[in-house]
Amino acid sequence: MAVAFIPVRGGSKSIPLKNIKPFCGKPLVYWNLEALEHADGVDRVVVATDSDAIEQAVAGFGFSKLEVYRRKAANATDTASTEAVMLEYLEVHPLKSEELFILVQATSPLTRTEDFACALEYFRTSDCDSLLSCVRTKRFFWREDGTPLNYDYRNRPRRQDFDGLLMENGAFYINRAGNILRDKNRLSGKIAVYEMPEFTSVEIDEPDDWIIAESVMHRHSPERLSEEKPELKLFLSDVDGTLTDAGMYYDQDGGEWKKFNTHDGKGFELLRSRGIKTGILTSENTTIVERRANKLQVDFLVQDVSAGGKLKTAEELCKKLGISLSSVAYIGDDINCAELLGAVGFAACPADALPAVKRIPGIRVLSLPGGHGAVREFIDLLLDGTDA
């Protein structure tokens, strides 16, 4: 018996909900699950999560080996170790001492089916106690005291004559369940190394890593990519700075005014004609927005959304509609929109959005500013990619 174990928590400060954010058209965690589904020697695949959104997303993949384990909140914090959640699972779902436990990192989506299958075969035919995946790097390393670590600078070798060093790529680790419980570690005893191609060294921790990894996937594993894109089923928009120009207008009696764009209104009508649900999310609570929402005939108006609550609100709407965030489009301009923008399948921001929003991986920065047709521009781009 060999159990693959993928810990994916909902919290992520660098890239919100990164484990299910679309990567090359699919949620990030999909790629390892797909590779494991077809890997010989892998009997079960366990996704350990604390997130309803992640559980809902992976359940939609339809993989036969897949099961979800709801990890304890204490082992889903920023400071909790991976070993802690591994041990938690093995205590709740004991395995025989000799059974194999494969720790797989969702942040290494470039791992292929053959990598898992070949590493398992190598492990089973060797006398090792545990195994980790590595890549060979031919970089020259130095110590802080100015002395070289892995070469003689007086006789600099050519790359083709240089063995280099083996570096963990974080893709996966194999051990026996009994060893993990005894040593409280993913590795123990005699450790073997399974060498993977150099391109698999990319791990996704920061937004720039995301861009690099997608490019590498297209270059080295084009056969894994599908042209099929998630179907758009729900369109959501922010208000201030998105449907409006972010200006606040007051008359002499203290009345508040907002300026909306009629072209954006037509965009909502076009979405309705395609059967796509629509909604507005805003942190304010005003009669003006309520009137505009009624005029646009949106399906959902949620006002007074708390700071950081837009993602949770969208997840609740998805649950109501029976869809995943990958089928949601959202346009917003400020940092309170960032978490949701990083999680949906289709994300965009107006041309005058805050710089931090423009840097969100995969976001489309539109040519028009908020309140000047940016929402309509996004809608037109979305509808151009759907069947009329």
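Taking a straight Cα-Cα cut-off under 17 Å and skipping sequence neighbours fewer than 8 places away in the same chain, the lysines within cross-link reach of LYS258 are LYS295. Its Cα gyration tensor gives the range 2-224 an equivalent ellipsoid. The semi-axes, each the square root of 5 times an eigenvalue, are 29, 22, 18 Å from largest down. Rounded, prolate or oblate: which fits the range 120-181 when a ≥ b ≥ c are the square roots of the eigenvalues of the alpha-carbon gyration tensor, with rounded for a/c under 1.5 and prolate only if a/b beats b/c? Prolate, because a/c is 1.5 or more and a/b exceeds b/c.
Computed on the Cα atoms alone, the convex hull of the range 280-364 gives a volume of 95 cubic angstrom per residue. Work out, in µm²/s and without decimals, the Stokes-Einstein translational diffusion coefficient of the chain at 25 °C, 0.890 mPa s, Rh from Kirkwood over C-alpha pairs. Answer from the Stokes-Einstein relation: 106 µm²/s.
The range 234-384 has equivalent-ellipsoid semi-axes of 22, 17, 16 Å, by the square roots of 5 times the alpha carbon gyration tensor eigenvalues, sorted largest first. The angle between the Cα long axis of helix 82-92 and the main principal axis of the chain comes to about 80°, on a 0 to 90 degree scale. Report, in listed order, any pair from LYS72/LYS277; LYS65/LYS190; LYS138/LYS358; LYS233/LYS259; LYS18/LYS190 with a Cα-Cα distance greater than 31 Å. From LYS72/LYS277; LYS65/LYS190; LYS138/LYS358; LYS233/LYS259; LYS18/LYS190, over 31 Å: LYS72/LYS277; LYS138/LYS358; LYS18/LYS190.
Counted over the chain, the DSSP beta bridges are approximately 30% antiparallel.
Note down the magnitude of the dipole of the chain about its Cα centre, charges +1 on Lys and Arg C-beta and -1 on Asp and Glu C-beta and zero elsewhere, to the nearest 20 debye. Please report the intermediate quantities before stating the final value.
Numbers: 47 positive and 60 negative charges, 53 e Å.
Dipole of the chain, to the nearest 20 debye: 260 debye.
A straight Cα-to-Cα reach below 13 Å connects LYS26 with the aspartates and glutamates GLU34, GLU214, GLU227, GLU228, GLU231, residues fewer than 8 places away in its own chain not being considered.
Computed packing ranks the peptides 192-204, 319-331 as 319-331, 192-204, most packed first, by mean other Cβ atoms within 10 Å.
Calculated FRET efficiency, SER306 to SER97, Cβ-Cβ distance, R0 = 51 Å: about 0.60 to the nearest 0.05.
Rule-based calculations on the coordinates, nothing more; no lab input. None of these values were measured; they are calculated from a predicted model. Please note: Cβ atoms are built from the backbone with ideal geometry, for glycine as well, and neighbour counts cover all protein chains shown.
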